[in-house]
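One structure is given here, and the rest of the page talks about it.
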Amino acid sequence: MLFSPRVLSSLCFALCAVMLLAGCPGKAPISASNSGLRPAHEEEPSGDGETSGGEVDGSHATDSDEPDADGESDGSTSPDVIEKPPTRPEPTEEPANDEIFEVPDGDSTELVKYLEDVNGELRRMLQNAQRSPPSLETRDQSMARFTRLIQSQLTASKKILDDADAEAEQRNIAARTVFDAFGPLEQVGEKEAAKQARDIAVSLADDDDPQIRRMAAGVLMDEEIGKIRAGEVKDATTLLKQMEVVFAGKPDEVSMARFMSGQSAAQEMLRSEKHPQAVEIMQLMGKHFIDAEHPQLAQAGGDLLDQAKIIQLDSGVRKLEAGVDGAEAELLATAETLLTSEETDSRTMQFVSMMSASLEEKHPETRAKLTDLVNEAIQKRLDSPEVSADELATLAEVAQDLGEKYQETATAASDALMANFNEQLAAEELEAQTIGELYSNVTMPAEYSGNIELAKQTCDALVAALEKVKDEDQRESIKMQLEAAQKRVNLVGKPLVVEGALLDGKPFDWAPYKGKVVLIDFWATWCRPCLEEIPNILDNYEKYHDQGFEVVAVNIDDDPADVVEFFARQGDLPWKTVVSNNPDAAGPESAMATKCGVMSIPFVILVGRDGNVEALHVRGPELGERLAANFGDAESPAESETPAEVEAETPAEKTNPANGDTASDESEDEPAPE
């Protein structure tokens, strides 16, 4: 059977690599004794010829009595003798077939058979090159033989392609052979043979067969991308024409390598400040791959379309901030195009809303115009049939962020979401997967975005629907997640008292914090996102502490001694650290973690001056915004002391508690250990 294009290409690359590395001195074959790897149950050798378990020279002691040759146990406890499995005799090297270089003068059927024979010879060379001892052929001889074989294939392929009587499949086989040879020949420096392959590819660019045209365009596309990377070409016009041909077929027929090449071309355009052409590349690829059957390709296609939208908006905002003439009109036109196209979805509206929010301070009028456009797009989308709960949740979140002027739209989005939500819960019997997806797609984003009322409504509805899940184990797993979420969202608007002990064992006193704005930070010494957030908290503490801002850190390490050791190494923080005062209920099982429904960390709670919880998940820039609203703006510490800005917490990965997942965000929250 003739190799597929991908297999043949891999074979050529592997063969070249093996031959180029053949004969390297001082490299013994990798074995169990010299690889440095050990089975998981095997202890590290002590270095004196004995294993750390006391075994010598690789013998293995056993507690069981093995039967002797007669099938009876002799009662001894001698070590097992592990017999090695029979080994196959080392195959002898197959002789080379020099007749293979003679390209037949027959018809295309005979020539296709010849291509198959050459593939067999390439396999033989690969097998011989991989054997130990090395092949009798020298590296130079092998390389020369390899090049002659590929050139013979090119000659045979050209004959098939020129044959007017060749069948379509035969021509496809010949074309694939040519295109697969091009890359390996360039890799090993065979410029003339590579040029021969390229010339054939160029001649096929206008072939009547669309599949052959796409293959030819793929070779030329890769070549053009190489020129862009090398700085020889600054314009993507030619590349875009080739990509249109390459991506004209079914998305799943395009290789991942080709997809990666297209992505790299877009990145090169961005680096060259050719944003419109980068957007064109992303849009072309995104629209092609978003319909792929392969989920990863489809996701990648959607991501490319999102990136293109962000780049378009960001470019417009940059021009506006730079004072470029006509920048506002251009930005508004871009936003309107994105918000009114057939592909417009809730994520597009979210992107435009986020970009407009960045203009609030310096360009409020432009921001107001953009917000009007987003509001109109949301209303239009709400009138569309069959909007999913996931998308309705995003629409409700975006509408809420538009401001009081658009409260009617926010209410309509929330009502539509709840109607869809309740419709899905109306069935007499529910799958755990359904409740898990609704929690991940609706309740959790509402909680993290600060839409607490929506989070409460949906969480309560999900808890009430649990009785419809018949599988007890799945029901209990989801119940634990939902009850924790209920605890968290019900904290908002109510008083909260922190209880526990200080690291020296003394009781923690909450009374001195009365009348102050307090950030309660649940963290652990093993939680990297928690530690990455500390500089942001410290910055705001230094900025607002004199005005009445306090921090209380609630640690959920299992052993307080670990916290003491951590501070001894890292240095103390200027606020109190509270641990459990009950050694039987420490860490994630502590009274504070349980009371507040902590399922992942970092988890932060902001308590207002009145002693009531003001907000949850206030991290990154949002913490500074909240404190500025409480205290008014204040001068930041010296720039040299200002830590890098930390991303705000948002549930980037939607998780399903029905599968035992826990919430995660862009900072990769750590789930509290069980």
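The values are calculated or read from the model by the stated rules, or taken from the named source; none is laboratory data. Remember, predicted model here, so these are calculated numbers, not experimental data. Glycine also receives a Cβ, built like all others from the backbone with ideal geometry; neighbour counts cover every protein chain displayed. Accessible surface areas use protein heavy atoms only, side chains included; no ligands, DNA or RNA. Shrake-Rupley method; radii C 1.70, N 1.55, O 1.52, S 1.80 Å.
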Query raised in the report: So which of VAL489, VAL551 ends up being in contact with a strand residue (DSSP E or B) (Cβ under 9 Å, 6 or more places away or on another chain), farther than 30 Å from ALA464 by Cα and among the β-branched types (Val, Ile, Thr)?
Result: VAL551
Query raised in the report: Restricted to the stretch 103-140, and to residues that are under 17 Å from ALA193 (Cα atoms) and at pLDDT below 85, which residue is most open to solvent (accessible area, probe 1.4 Å)?
Result: ASP140
Requested in this report: Look at the stretch 344-369 and say how many of its residues are over 18 Å from PRO276 (Cβ atoms) and under 28 Å from the mean Cα position of the chain (by Cα).
Outcome: 13
Query - Identity of the residue in the stretch 176-214, open to solvent by 40 Å² or more (accessible area, probe 1.4 Å) and not charged (D, E, K, R), that ends up modelled with the lowest pLDDT - result: GLN187
Query raised in the report: If you scan the stretch 459-513, which residues turn out to be outside any loop (DSSP other than H, G, I, E, B), more than 26 Å from VAL442 (Cα to Cα) and either open to solvent by less than 70 Å² (accessible area, probe 1.4 Å) or in contact with a Gly (Cβ under 6 Å, 6 or more places away or on another chain) (or both)?
Result: PRO495, ALA501, LEU502, ALA511, TYR513
**Report entry** Leading residue by the ranking (nearest to VAL578 (Cα to Cα)) among those in the stretch 514-533 that are β-branched (Val, Ile, Thr) and surrounded by 19 or more Cβ atoms within 10 Å (Cβ to Cβ)
**Finding:** ILE520
Report task. Would you list the helices (runs of 4 or more DSSP H) that sit entirely within the stretch 521-637 and hold 1 or more residues that are over 19 Å from PRO507 (Cβ atoms)? Result -> 528-544, 560-570, 621-631
Requested in this report: Could you tell me whether GLY249 is under 29 Å from GLN296 (Cβ atoms), assigned to a loop (DSSP other than H, G, I, E, B), out of contact with any Cys (no Cβ under 8 Å at 6 or more places or on another chain) and of a type outside the set (Val, Ile, Thr)?
Outcome: yes
Report summary line: By residue number, the members of the stretch 399-441 that are of a type in the set (Asp, Glu) and in contact with a Ser or Thr (Cβ under 7 Å, 6 or more places away or on another chain) are ASP401
Query raised in the report: Restricting the search to the stretch 598-627, which residues are in contact with a helix residue (DSSP H, G or I) (Cβ under 7 Å, 6 or more places away or on another chain), open to solvent by less than 10 Å² (accessible area, probe 1.4 Å) and more than 16 Å from ASP557 (Cα to Cα)?
Result: LEU606, ALA615, HIS617, VAL618, ARG619, GLY620, LEU623, LEU627
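Based on this model, can you work out whether GLU429 counts as surrounded by 15 or more Cβ atoms within 10 Å (Cβ to Cβ) and of a type in the set (Asp, Glu)?
Working: surrounded by 15 or more Cβ atoms within 10 Å (Cβ to Cβ): no; of a type in the set (Asp, Glu): yes.
It is false that GLU429 is surrounded by 15 or more Cβ atoms within 10 Å (Cβ to Cβ) and of a type in the set (Asp, Glu).
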Query raised in the report: in contact with a helix residue (DSSP H, G or I) (Cβ under 9 Å, 6 or more places away or on another chain) and surrounded by 15 or more Cβ atoms within 10 Å (Cβ to Cβ): does that describe GLN407?
Result: no
Report summary line: Note: among LYS576, LYS543, LYS595, just one is touching an Asp or Glu at 6+ places or on another chain (Cβ under 9 Å), within 22 Å of GLU483 (Cα to Cα) and open to solvent by 30 Å² or more (accessible area, probe 1.4 Å), namely LYS595
Report task. Please verify whether the stretch 385-395 includes one or more residues that are touching a Lys or Arg at 6+ places or on another chain (Cβ under 9 Å) and among the polar types (S, T, N, Q). Result -> yes
Report task. Mind listing whichever residues of the stretch 159-175 are over 43 Å from the mean Cα position of the chain (by Cα) and either open to solvent by 40 Å² or more (accessible area, probe 1.4 Å) or closer than 23 Å to LYS195 by Cβ (or both)? Result -> LYS159, ILE160, ASP162, ASP163, ALA164, ASP165, GLU167
Report task. State all residues of the stretch 549-574 that are out of contact with any Phe, Trp or Tyr (no Cβ under 7 Å at 6 or more places or on another chain) and not charged (D, E, K, R); if no residue qualifies, say none. Result -> PRO560, ALA561, VAL563, VAL564, PHE566, PHE567, ALA568, GLN570, GLY571, LEU573
Query raised in the report: Do we find a residue being more than 29 Å from the chain's Cα centre (by Cα) and either open to solvent by 10 Å² or more (accessible area, probe 1.4 Å) or more than 22 Å from MET418 (Cβ to Cβ) (or both) anywhere in the stretch 300-317?
Result: no
**Report entry** Candidate set: the stretch 141-158, residues that are touching an Asp or Glu at 6+ places or on another chain (Cβ under 9 Å) and surrounded by fewer than 22 Cβ atoms within 10 Å (Cβ to Cβ); chosen: the one farthest from VAL118 (Cα to Cα)
**Finding:** MET143
Report task. Filter the stretch 269-299 down to residues that are assigned to a helix (DSSP H, G or I) and either of a type outside the set (D, E, K, R) or open to solvent by less than 80 Å² (accessible area, probe 1.4 Å) (or both), then give me how many there are. Result -> 20
